[in-house]
């Protein structure tokens, strides 16, 4: 829960300044707060589509960080990626200008909606949040949304609606989701991740339990996932389960492919059929995500036929099995998967599709995750026919683990790794053949390697 000192921090404020305004997590907040009448400025180090979209909204943005960028700002919002020695952040603190981290501000925003539907889970949050947003839009329920990836239907990762419904991706990293004010909590799954913070699975489950207790309306949970069911034990608000198991409130059945990546499945509610649903992305894990989105939409009052239509129009969020190009018979795709469970699900799905060979081009993310889950990564990546890797992207960490990609490569037969994306692209372009699927995997910037491949193949 948000510190009491922050609850009313927006009261009386007029000028909000965003440090790192080009971040994907900042954009939806900018949209919502701009629509509420706040004057917004911002700064960032890099140009990009988000900055261009914000400028079109009339928001002044400065490249580079300098104390003078704050002007007469009476509140500063910053991302977790901003260093404490950032000159704008330092100036604000020294001159008594209130500062608030992005996750906290997102929590404050969720307070202002009657039904903040907060989607949490180790895997599938972005896909499910994007699905649900598209469904509710088709159902004429006009939601606001904060999504972890880009949804083509809205041209970005956030939107401002006029209703009292908000769809919000709830990230468990460093307990950020405990800053939110959820009304409906959706739990997709719980797995070992962010162990540098949580230390063990029991602590992860405990945090999810705390989040579920915060729901004011209801909890929707994957009844097939044992860890998720542990997290909802003792929850006083109504708990609705979904999954493939017959003992769930909502049961998925008769999953079958249609026309390549399209999937059909049936869904019943307490034994009563709701009909057949069509999903434009593959994989049984995505059917689970779709069920969560359907049930969330139903609980919000959406019509089932409009839900079917909205779901059928969904073809994935950005960087979620996103097909980037088909050149010379080679399909280039990109996916955000960066945890062994996600990699396994994505690669199993890829192997079920009609490709000659599947190439996994993987960028490990953080030394801690790579070291702790090394064997799991090796097992998941071995599903692919060919594995190509980059060096580990350390992000916020220092390599105190003495872990390198070569350690992972030694556990995967036939795998190769390179220091640069240029080398990766050259290797794949030289060896991939018509009928192959090449999919870049990771939450860092491995997508740049996919773009290089496309350039070299064109």
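The values are calculated or read from the model by the stated rules, or taken from the named source; none is laboratory data. Since this is a predicted model, take the numbers as computed values, not measurements. We place every Cβ from the backbone using ideal geometry, glycine too, and count neighbours over all the protein chains shown.
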- Item | Enumeration of residues in segment 420-442 that are exposed (fewer than 15 other Cβ atoms within 10 Å of the Cβ) and in contact with a helix residue (DSSP H, G or I) (Cβ under 8 Å, 6 or more places away or on another chain) | 422
- Could you check, for segment 432-439, whether at least one of its residues is closer than 20 Å to residue 343 by Cα and either out of contact with any strand residue (DSSP E or B) (no Cβ under 8 Å at 6 or more places or on another chain) or free of Cβ contacts under 8 Å to residues at least 60 places away in the same chain (or both)? no
- Message: Suppose we filter 384, 360 for residues that are outside any strand (DSSP E or B) and either modelled with pLDDT of 95 or more or not assigned by TED's automatic domain parsing to the domain that holds residue 83 (or both); which single one remains?
- Response: 384
- Message: Between a residue in segment 416-427 that is touching a residue at least 60 places away in the same chain (Cβ under 8 Å) and any residue that is assigned to a loop (DSSP other than H, G, I, E, B), which pairs come within a Cβ distance under 9 Å, given they are 6 or more apart or on different chains?
- Response: 424/446
- When you go through (1) under 22 Å from residue 344 (Cα atoms); (2) more than 22 Å from the chain's Cα centre (by Cα); (3) at pLDDT 95 or above one by one for residue 279, which number turns out not to apply? (2)
- Taking the residues in segment 334-357 that are out of contact with any strand residue (DSSP E or B) (no Cβ under 7 Å at 6 or more places or on another chain) and not in a loop (DSSP other than H, G, I, E, B) as candidates, determine which candidate is surrounded by the fewest Cβ atoms within 10 Å (Cβ to Cβ). 352
- Item | Spans of strands (runs of 3 or more DSSP E) in segment 204-306 with at least 3 residues more than 26 Å from residue 191 (Cβ to Cβ) and assigned by TED's automatic domain parsing to the domain that holds residue 182 | 250-258, 262-269, 272-279
- Query: If you check residue 288 against the conditions, is it crowded, with 16+ Cβ neighbours inside 10 Å, under 30 Å from residue 373 (Cβ atoms) and at pLDDT 95 or above?
  - Reply: yes
- Task: Sort out for me the strands (runs of 3 or more DSSP E) sitting completely within segment 68-132 that have 3 or more residues that are under 23 Å from the mean Cα position of the chain (by Cα), touching a residue at least 40 places away in the same chain (Cβ under 8 Å) and assigned by TED's automatic domain parsing to the domain that holds residue 228.
- Result: 115-120
- Checklist (1) under 28 Å from residue 284 (Cα atoms); (2) surrounded by fewer than 18 Cβ atoms within 10 Å (Cβ to Cβ); (3) at pLDDT below 95 applied to residue 395, failing item: (1)
- Could you please find all residues in segment 6-37 being more than 25 Å from the chain's Cα centre (by Cα) and assigned to a loop (DSSP other than H, G, I, E, B)? 6, 7, 8, 9, 10, 11, 12, 13, 14, 36, 37
